[in-house]
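Right, one structure below, let's go through it.
The values are calculated or read from the model by the stated rules, or taken from the named source; none is laboratory data. Source: prediction; values computed, not measured. All Cβ positions, even for glycine, are placed from backbone atoms using ideal geometry, and neighbour counts span all protein chains on display.
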């Protein structure tokens, strides 16, 4: 599961993006809604340790560049399941920017993750990230991502 420094999202059956018809979405607004649903699910899946979701949304060639400059492949990301501990928190997207290029989307946003430490202290982290998604087999898949910490 890719973490954006404790970042995360879970897909709710109501979104149903995995069952959408093959081919590109028909309107920019539909694409926007689909992509935001995927990105919100990614955030929740990180909290929930939902590796089944990550196995489906990350393309075989997926690479993620961490805020520290490291590169994580899909296989490496999915191998993190054994160390994942579900947690509670909130995940909010702001300053969302979506660029659509045929069946490819470049998604950029600020993500704020808020968690609570065992001591009860609330911790909020904000990061700017970019994901590149491609529509394949009727669903959106992540092919690349990058995150940068916001001080």
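Name the residues in region 72-104 that are assigned to a loop (DSSP other than H, G, I, E, B), in contact with a helix residue (DSSP H, G or I) (Cβ under 9 Å, 6 or more places away or on another chain) and without any contact (Cβ under 8 Å) to a residue 40 or more places away in the chain, would you? Passing the criteria: only 86. Taken over region 105-138, the criterion of being free of Cβ contacts under 8 Å to residues at least 24 places away in the same chain, over 19 Å from residue 43 (Cβ atoms) and in a strand (DSSP E or B) is satisfied by no residue.
When you check residue 147 against the structure, is it farther than 30 Å from residue 27 by Cα and modelled with pLDDT of 95 or more, yes or no? It is false that residue 147 is farther than 30 Å from residue 27 by Cα and modelled with pLDDT of 95 or more.
Do we have residue 141 as surrounded by 14 or more Cβ atoms within 10 Å (Cβ to Cβ), assigned to a strand (DSSP E or B) and in contact (Cβ under 8 Å) with a residue 40 or more places away in the chain here?
Values: surrounded by 14 or more Cβ atoms within 10 Å (Cβ to Cβ): yes; assigned to a strand (DSSP E or B): yes; in contact (Cβ under 8 Å) with a residue 40 or more places away in the chain: yes.
Answer is yes for this residue.
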